[in-house]
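Colleague: Quick one: the structure is below, questions incoming.
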Amino acid sequence: MQTRNFDLIAFDWDGTLFDSTKIIVRCIQAAVRDVGGTAPTDEAAAYVIGLGLMQALAHAAPDVPPEKYPALGARYRHHYALHADDLSLFDGVLPLLDALKARGHLLAVATGKSRRGLDEALQSVELKGVFDGSRTADETAGKPDPRMLHELMAQFDIPSERVLMVGDTTHDLQMALNAACPSVGVSYGAHEPEAFVALNPRYVAHSVQGLHDWLLPNG
């Protein structure tokens, strides 16, 4: 059996495993409009994906006063719920996760989603038992704070150099740097891969198949 380079592989959720970037952008824009703010551009809305919800909405809507943040969050959740049935894993994600499990890797999710939101997403039959652990922004700290990864390392007693973070945003890769973990970026999510260069990922995958082809020999 091939020797593993990493014992724990932590994945971001939205835009990395879950094909949700475009819908999240539209929901952010609609929520900001609903509370009287100026809707952010597609690029500005995509930039905040991966942050904790309120941190993301505040950044995306600088002209919305703080007293409207609860309403802003509620409107985002409303719009997102309308599209819940339209969202799915990227093609190829399940075979990738199954192959990594078969090689003995521990798998985790480190996401800016809420615990409730992640648990709802993980309830599908196809994902039962796939992940060994998970951390969300509302129970730890939002990215790029390294607390999510620190807690996962502590849970499994694995040193940072044996943990690989996989994500589609600079927030993910900066979190990995802050936690002294290696990282891999994916270019098919929320952020343009040119921004990844300064954060020194081991690899940038341009498709789920590309991620699979790199992780199996190098993970």
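The values are calculated or read from the model by the stated rules, or taken from the named source; none is laboratory data. Just so we're clear, the structure is a prediction, and the values are computed from it rather than from any experiment. Neighbour counts run over all protein chains shown; Cβ positions are idealised from the backbone, glycine included.
Colleague: Somewhere in the range 24-38, is a residue assigned to a loop (DSSP other than H, G, I, E, B), within 21 Å of the chain's Cα centre (by Cα) and not assigned by TED's automatic domain parsing to the domain that holds Leu152? Explain how you work it out, then say what you get.
Modeller: First, pick out the residues of the range 24-38 that are assigned to a loop (DSSP other than H, G, I, E, B): 35-38.
With within 21 Å of the chain's Cα centre (by Cα) added as a condition, the list becomes none.
Checked the range 24-38: no residue is assigned to a loop (DSSP other than H, G, I, E, B), within 21 Å of the chain's Cα centre (by Cα) and not assigned by TED's automatic domain parsing to the domain that holds Leu152.
Colleague: Being polar (S, T, N, Q), touching a strand residue (DSSP E or B) at 6+ places or on another chain (Cβ under 7 Å), buried (at least 22 other Cβ atoms within 10 Å of the Cβ) and at pLDDT 90 or above, is that true of even one residue in the range 150-163?
Modeller: no
Colleague: Return a yes/no flag: does the range 71-91 have any residue that is without any contact (Cβ under 8 Å) to a residue 12 or more places away in the chain, more than 30 Å from Gly37 (Cα to Cα), in a helix (DSSP H, G or I) and of a type outside the set (Val, Ile, Thr).
Modeller: Scanning the range 71-91, I find no residue that is without any contact (Cβ under 8 Å) to a residue 12 or more places away in the chain, more than 30 Å from Gly37 (Cα to Cα), in a helix (DSSP H, G or I) and of a type outside the set (Val, Ile, Thr), so the answer is no.
Colleague: OK, next. Among the residues of the range 102-118, which ones are of a type in the set (S, T, N, Q) and over 28 Å from Asn218 (Cβ atoms)?
Modeller: Filtering the range 102-118 down to residues of a type in the set (S, T, N, Q) leaves 111, 114.
Matches in the range 102-118: Ser114 only.
Colleague: Of all residues in the range 119-147 being under 26 Å from Pro217 (Cα atoms) and not in a loop (DSSP other than H, G, I, E, B), which is farthest from the chain's Cα centre (by Cα)? Walk me through how you get there before you give the answer.
Modeller: At the first step, the residues of the range 119-147 found to be under 26 Å from Pro217 (Cα atoms) are 126-134.
From what is left, the residues that are not in a loop (DSSP other than H, G, I, E, B) are 126-127, 133-134.
Details: Glu126: 19, Leu127: 16, Gly133: 14, Ser134: 11 Å.
By that ranking, first place goes to Glu126.
Colleague: For the range 58-98, how many residues meet the condition of being buried (at least 16 other Cβ atoms within 10 Å of the Cβ), of a type outside the set (D, E, K, R) and closer than 18 Å to Lys113 by Cβ?
Modeller: Qualifying residue count for the region: 12.
Colleague: Suppose we filter the range 156-205 for residues that are free of Cβ contacts under 8 Å to residues at least 40 places away in the same chain, closer than 27 Å to Val25 by Cα, among the charged types (D, E, K, R) and assigned to a loop (DSSP other than H, G, I, E, B); how many remain?
Modeller: 1
Colleague: Moving on to the next point. Among the residues in the range 43-60, are any over 18 Å from Lys143 (Cβ atoms) and either in contact (Cβ under 8 Å) with a residue 12 or more places away in the chain or assigned to a loop (DSSP other than H, G, I, E, B) (or both)?
Modeller: The initial filter retains those residues of the range 43-60 that are over 18 Å from Lys143 (Cβ atoms), namely 43.
Going one step further and asking which of them are either in contact (Cβ under 8 Å) with a residue 12 or more places away in the chain or assigned to a loop (DSSP other than H, G, I, E, B) (or both), we end up with none.
Within the range 43-60, none of the residues are over 18 Å from Lys143 (Cβ atoms) and either in contact (Cβ under 8 Å) with a residue 12 or more places away in the chain or assigned to a loop (DSSP other than H, G, I, E, B) (or both).
Colleague: Okay, moving on. Please enumerate the residues belonging to the range 25-37 that are crowded, with 18+ Cβ neighbours inside 10 Å and either in contact with a Phe, Trp or Tyr (Cβ under 7 Å, 6 or more places away or on another chain) or of a type in the set (Lys, Arg) (or both).
Modeller: Restricting attention to the range 25-37, the residues satisfying the condition of being crowded, with 18+ Cβ neighbours inside 10 Å are 25, 27-29, 31-32, 35, 37.
Selection gives Cys27, Ile28, Ala31.
Colleague: Within the range 132-161, track down each residue that is of a type in the set (Ser, Thr, Tyr) and closer than 20 Å to Leu122 by Cα. Write out each step before concluding.
Modeller: Going through the range 132-161, the residues of a type in the set (Ser, Thr, Tyr) turn out to be 134, 136, 140, 160.
Listed by number, the residues that qualify are Ser134, Thr136, Thr140.
Colleague: Out of curiosity, is Leu107 crowded, with 16+ Cβ neighbours inside 10 Å, at pLDDT 90 or above, aliphatic (A, V, I, L, M) and within 25 Å of Ile24 (Cβ to Cβ)?
Modeller: Against the criterion (crowded, with 16+ Cβ neighbours inside 10 Å, at pLDDT 90 or above, aliphatic (A, V, I, L, M) and within 25 Å of Ile24 (Cβ to Cβ)), Leu107 qualifies.
Colleague: While we're looking at this one, here's another question. Is it the case, given these coordinates, that Glu151 is in a helix (DSSP H, G or I), on the phi < 0 side of the Ramachandran plot and not small (Gly, Ala, Ser)? Steps first, please.
Modeller: On the way: in a helix (DSSP H, G or I): yes; on the phi < 0 side of the Ramachandran plot: yes; not small (Gly, Ala, Ser): yes.
The answer is yes for Glu151.
Colleague: Out of the residues in the range 45-57 that are touching an Asp or Glu at 6+ places or on another chain (Cβ under 7 Å) and surrounded by 23 or more Cβ atoms within 10 Å (Cβ to Cβ), state the one that is modelled with the highest pLDDT.
Modeller: Quick first cut of the range 45-57, residues touching an Asp or Glu at 6+ places or on another chain (Cβ under 7 Å) only: 49-50, 52.
Add one more test, that the residue is surrounded by 23 or more Cβ atoms within 10 Å (Cβ to Cβ), and what stays is 49-50.
Numbers: Ile49: 78, Gly50: 73.
Here the residue is Ile49.
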